[in-house]
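S.K.: Pasting in a structure now, in structure tokens, and then I'll have a few things to ask.
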Amino acid sequence: MGNEAIVKLGQEYVMNTYGRLPLVMARGQGSYVWDADGNKYLDLVSGIAVNNLGHCHPKVVAAIQKQAEYLMHCSNLYWNENQILLAKLLVENSCGTKVFFCNSGAEANEGAIKLARRWSFNKFGPGRYEIITAKKSFHGRTLTALTATGQEQYQEGFEPLTPGFKYVPFNDLQELEQAITSKTCAIMLEPVQGEGGVYPASEEYLSGVEKLCREKELLLIFDEVQTGLGRTGKLFAYQHYGIEPDIFTLAKGLGGGFPIGAIVAKGEAAETFKPGQHATTFGGNPLAAAAGLAAVNTLIEEKLPQEAWEKGEYIKTEVQKLKEERPQIIELRGLGLMIGIELAIEAKKIQDYCLEKGVIVNCVQSKVVRLVPPLNISYDDLDFGLSVIFEAIAQMTSR
Ligand code: PLP
């Protein structure tokens, strides 16, 4: 089927939850995708920070093909080697000591919230269940992850929400401290807010948050669903800040394009769940874990976090140069290859213009163009993508 026929059928049979762009993705290779009519696009969105290795990385493809012939699924009532090796790999490269696997970011956060509540229940008894999250945060769409998300626009009409959440402004330590009560058990933050508009946490803020958690016996939970797996220039974003969360969650980049999520915890938190307290049918199945192993090993072997850092700095330098000429660029934010360009104009206009020219960019929070390209994108491709974005900004602002 061609583009038009696919879109028409999709509109008839698929629930209308996404406000999709007029692009059918049919094939991908590295930093490029092709639509169903054979048109080629440079992908600077990577499935929203999922395809950190680019599309269809040969090592991930080979791992999936090989595993698919052996064993795709087995219940978590039994052991599977891939899951154990992936847990070991994550632990050996992070502050974590144990891992629970699931299938998505929302599920990982949902599990992390349960873990924090249960840890507090075991240690302090009932009633200490509140979790403080940040305004403009995003933690997913299940009912509790949605409640943790500090943005009313996602919550409206789905009430009653899960009790036990409080929201404070991001990067404001004083407000956070004031929100802590005898009922608080954890603080949950994204090291860089993604969906909220690409806002990195300051070093001072996160070290202050960690200190507060230690003083008041609270768990520190980092949602690294978007920031994890090399995206920000380190394997995990917390590693920029010289601190260690008790729990961090992963998904997006973990399977190199294949769905898998994880809760990584250390110390007491890692030992909290007992049999029967948390579970999932598909989480960490042999096929997903094979993809995860190939993806994480490749990220480490090919030193992609370092590349993400260098390319992020390169983009920032280029955008900064343009910013001097174009006051329509209000602010440039980001860490590594997670970049937000805040504009005085609607970012959707830039997104649409770029798409017409064969470059996929994304917009968040109406005025921010978000760039989350594959970490192994070439500098030539980056230059091409940036030239189209700059052309779009010039076009829009001259109208
Ligand atoms: N947490 C963060 C920081 C995210 O950016 C997202 C998705 O964008 C999620 C959680 C939800 O992940 P998923 O869509 O896999 O449920």
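All of the numbers you see were taken from the coordinates with simple rules; none came from a lab. From a predicted model like this one, the values you see are computed outputs, not experimental measurements. Every residue, glycine among them, receives a Cβ derived from its backbone with ideal geometry; neighbour counts consider all protein chains shown.
S.K.: If the cut-off is 16 Å between C-alpha atoms, which aspartates and glutamates fall inside it for residue 311, apart from same-chain ones fewer than 8 positions away?
M.R.: Of all the aspartates and glutamates, those that pass the test against residue 311 - Cα under 16 Å, at least 8 places apart if same chain - are 43, 302, 380, 381, 383.
S.K.: Still on this structure, please answer the following. Within the stretch 153-171, name every residue whose backbone N is under 20 Å away from a label modeled 7 Å from Cα of residue 183 along the Cβ vector.
M.R.: 159-169
S.K.: Related question: Grab the beta carbon distance between residue 274 and residue 84, set R0 = 22 Å, and tell me the FRET efficiency rounded to 0.05.
M.R.: 0.70
S.K.: Specify the residue with the greatest mean-square fluctuation among 296, 91, 225, computed from a Gaussian network of the chain linking alpha-carbon atoms under 10 Å apart.
M.R.: 91
S.K.: For the cross-link pairs 211/266; 40/367; 135/274; 252/367; 323/367, which exceed 22 Å when the distance is taken from alpha carbon to alpha carbon?
M.R.: 40/367; 135/274; 252/367
S.K.: In whole Hz, with x marking every Gly and Pro, tabulate ³J(HN,Hα) for the stretch 15-27 from phi via Karplus 6.51 cos²θ - 1.76 cosθ + 1.60, θ = phi - 60°.
M.R.: 4, 8, 9, 10, x, 5, 7, x, 9, 9, 8, 10, 7
S.K.: In deg cm²/dmol and to the nearest 500, what is the mean residue ellipticity at 222 nm of the chain if only DSSP H runs of at least 4 residues count, each as -39500 (n - 2.57), divided by the residue total?
M.R.: Mean residue ellipticity at 222 nm (helix-derived): -12500 deg cm²/dmol.
S.K.: Taking square-rooted eigenvalues a ≥ b ≥ c of the alpha carbon gyration tensor, is the stretch 195-249 rounded, prolate or oblate, where a/c under 1.5 means rounded and, failing that, a/b exceeding b/c means prolate?
M.R.: Since a/c reaches 1.5 and a/b is larger than b/c, the shape of the stretch 195-249 is classed as prolate.
S.K.: Then there is this: Given the C-alpha centroids of the stretch 214-283 and the stretch 357-372, what is the distance between them in whole angstrom?
M.R.: With the stretch 214-283 and the stretch 357-372 each reduced to a Cα centre, they are spaced 27 Å.
S.K.: Same structure, new question: What spacing in nm lies between the two simple spin-label points modelled at residue 11 and residue 328, each 7 Å away from Cα in the Cβ direction?
M.R.: 2.9 nm
S.K.: Quick query: amide H of residue 367 versus all other amide H atoms, modeled in the peptide plane; which residues come in under 5 Å with a sequence gap of 5 or more or a different chain?
M.R.: Amide H neighbours of residue 367: 347.
S.K.: While we're on this one: Compute the distance in nm between two label points, each set 7 Å from the Cα along the Cα-to-Cβ direction, one at residue 174 and one at residue 321.
M.R.: So the label points at residue 174 and residue 321 sit 4.1 nm apart.
S.K.: Now for a different question. Mind checking the log10 I(q)/I(0) for the stretch 150-241 at q = 0.12, 0.14, 0.16, 0.20 Å⁻¹? Debye, one equal scatterer per Cα, no solvent, two decimals.
M.R.: These q points yield log10 I(q)/I(0) values of -0.41, -0.56, -0.72, -1.07.
S.K.: Moving on to the next point. Using 7 Å Cα-to-Cβ label points, what is the residue 348/residue 391 separation (nm, one decimal)?
M.R.: So the label points at residue 348 and residue 391 sit 2.4 nm apart.
S.K.: Taking the chain as a Gaussian network, Cα atoms linked when under 10 Å apart, which of 193, 277, 306 shows the biggest mean-square fluctuation?
M.R.: 277
S.K.: To continue, here is another question. Report the convex hull volume per residue for the stretch 232-306, counting only C-alpha atoms, in Å³.
M.R.: Once divided by residue count, the hull of the stretch 232-306 is 100 Å³.
S.K.: Counting only DSSP beta bridges with both residues in the chain, tell me the antiparallel percent, nearest 5.
M.R.: In the chain, approximately 65 percent of DSSP beta bridges are antiparallel ones.
S.K.: Among 107-115, 366-374, 342-350, how do they line up from the highest to the lowest mean number of other beta-carbon atoms within 10 Å?
M.R.: With the highest mean Cβ count within 10 Å placed first, the list reads 107-115, 366-374, 342-350.
S.K.: Name the residues whose placed amide hydrogens come within less than 5 Å of the amide hydrogen of residue 168, ignoring near sequence neighbours (fewer than 5 apart) on the same chain.
M.R.: Answer set, sorted by chain and number: 133, 134, 135.
S.K.: In the chain, how does Rg compare with the Kirkwood Rh, expressed as the Rg/Rh ratio over alpha carbon atoms?
M.R.: Radius of gyration relative to Kirkwood radius: 0.96.
S.K.: Round to the nearest 10 and give me the degree value, 0 to 90, for the angle of helix 347-356's Cα axis relative to the longest principal axis of the chain.
M.R.: Helix 347-356 sits at roughly 50 degrees to that axis.
S.K.: Run through every distinct alpha carbon pair of the stretch 1-157 and return the Kirkwood hydrodynamic radius in angstroms, one decimal place.
M.R.: So the Kirkwood estimate lands at 19.8 Å.
S.K.: Between residue 158 and residue 20, what FRET efficiency comes out of the Förster formula 1/(1 + (r/R0)^6) with R0 = 22 Å and r the beta carbon distance, rounded to 0.05?
M.R.: So, using R0 = 22 Å, E works out to roughly 0.50.
S.K.: Give me the extension gain from residue 77 to residue 202: residue separation times 0.36 nm, minus the current Cα-Cα distance, reported in nm with one decimal.
M.R.: Extra length available between residue 77 and residue 202 comes to 40.8 nm.
S.K.: Short version: ³J(HN,Hα) in whole Hz for each residue of the stretch 306-316, in order, from phi by Karplus 6.51 cos²θ - 1.76 cosθ + 1.60 (θ = phi - 60°), x for Gly and Pro, what are they?
M.R.: Using θ = phi - 60°, the values come out as 4, 4, 4, 5, 5, 6, x, 5, 4, 4, 4 Hz.
S.K.: Follow-up. HN-Hα J couplings of the stretch 111-124 from phi, Karplus 6.51/-1.76/1.60, θ = phi - 60°, integer Hz, Gly and Pro as x?
M.R.: Using θ = phi - 60°, the values come out as x, 5, 5, 4, 4, 5, 4, 5, 4, 5, 4, 5, 8, 10 Hz.
S.K.: If you take the square roots of the eigenvalues of the alpha-carbon gyration tensor of the stretch 59-146 and sort them as a ≥ b ≥ c, do you get rounded (a/c under 1.5), prolate (a/b over b/c) or oblate?
M.R.: In terms of gyration-tensor shape, prolate.
S.K.: Is the C-alpha gyration tensor of the stretch 215-274 telling us rounded, prolate or oblate? Criteria: a/c under 1.5 is rounded; beyond that, a/b larger than b/c is prolate, otherwise oblate.
M.R.: oblate
S.K.: Residue 97's amide H: which non-local residues (gap 5+, or another chain) put their own amide H closer than 5 Å, with H modeled 1.01 Å from N in plane and none for Pro or chain starts?
M.R.: It is 265, 266, 267, by chain and number.
S.K.: Please arrange 43, 380, 35 by how many other C-beta atoms lie within 10 Å of their C-beta, fewest to most.
M.R.: 380, 35, 43
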